[in-house]
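Readers should treat all values here as calculations from the given coordinates under stated rules, not as data from a laboratory. Small disclaimer: the values here were computed from a predicted structure and weren't measured. Reconstructed Cβ throughout: ideal geometry from the backbone, glycine too, with neighbour counts over all protein chains shown.
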Amino acid sequence: MYFVYAFTYSANNLGEHLNVTDSVSQPIQKLLFVFLTNTTCSLIKDKKYAQQFGSTAKRPFPVSALGFFFLRDIIAMAAAFTLPAMLARSIS
């Protein structure tokens, strides 16, 4: 679990200072960077937990459920890491 938190917050801090391209705004770049990092680390964590604690045979995972997981993760990353900085600028 700490693996996901450490990499997500590290990606957030790194995303604050990176500007890969001028064609995409910096907050969107940061959101995508944090989202991809968090999602990748979460999938690795979930796979390890399933291997360690799972007791049933492997079953196929519905592809539509992955879409909902990605939607949930991108909304969560936007609400936690991108929107607060944007709102802080407009409030002050």
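Fully extending the segment from LEU43 to SER23 would add 4.2 nm, taking 0.36 nm per residue of separation and subtracting the current Cα-Cα distance.
From helices alone, the chain scores -25000 deg cm²/dmol at 222 nm; the rule is -39500 (n - 2.57) for each run of n ≥ 4 DSSP H residues, then divide by the residue total.
Listed peptides 81-87, 34-40, 61-67 appear in the order 34-40, 81-87, 61-67 once ranked by packing, highest mean of other Cβ atoms within 10 Å at the front.
Scaled to the globular estimate 2.2 N^0.38 Å, the Cα spread of the chain, given as radius of gyration, is 1.29. Whole-Hz Karplus values for the stretch 55-69 come out as 10, 10, 6, 5, 10, x, 9, x, 5, 5, 5, 4, x, 5, 5 Hz, taken residue by residue from phi with 6.51 cos²θ - 1.76 cosθ + 1.60 and θ = phi - 60°; glycine and proline positions read x. Shown is the FRET efficiency for GLU16 and SER55, computed with R0 = 35 Å from the Cβ-Cβ distance and rounded to the nearest 0.05: 0.25.
Any lysines with Cα under 26 Å of the LYS58 Cα? List them, leaving off those in the same chain fewer than 8 positions away. Answer for LYS58, where 26 Å is the Cα cut-off: LYS45, LYS47, LYS48, listed by chain and number. Given R₀ = 41 Å, what would the calculated FRET efficiency be for LEU32 paired with ILE91, taking r from the Cβ atoms and rounding to 0.05? Between LEU32 and ILE91 the formula returns 0.95.
Please list, or write none, the aspartates and glutamates whose alpha carbon is within less than 18 Å of the alpha carbon of LYS30, excluding same-chain residues fewer than 8 places away. Counting by Cα, and skipping residues close in sequence, LYS30 has these aspartates and glutamates nearby: GLU16, ASP22, ASP73.
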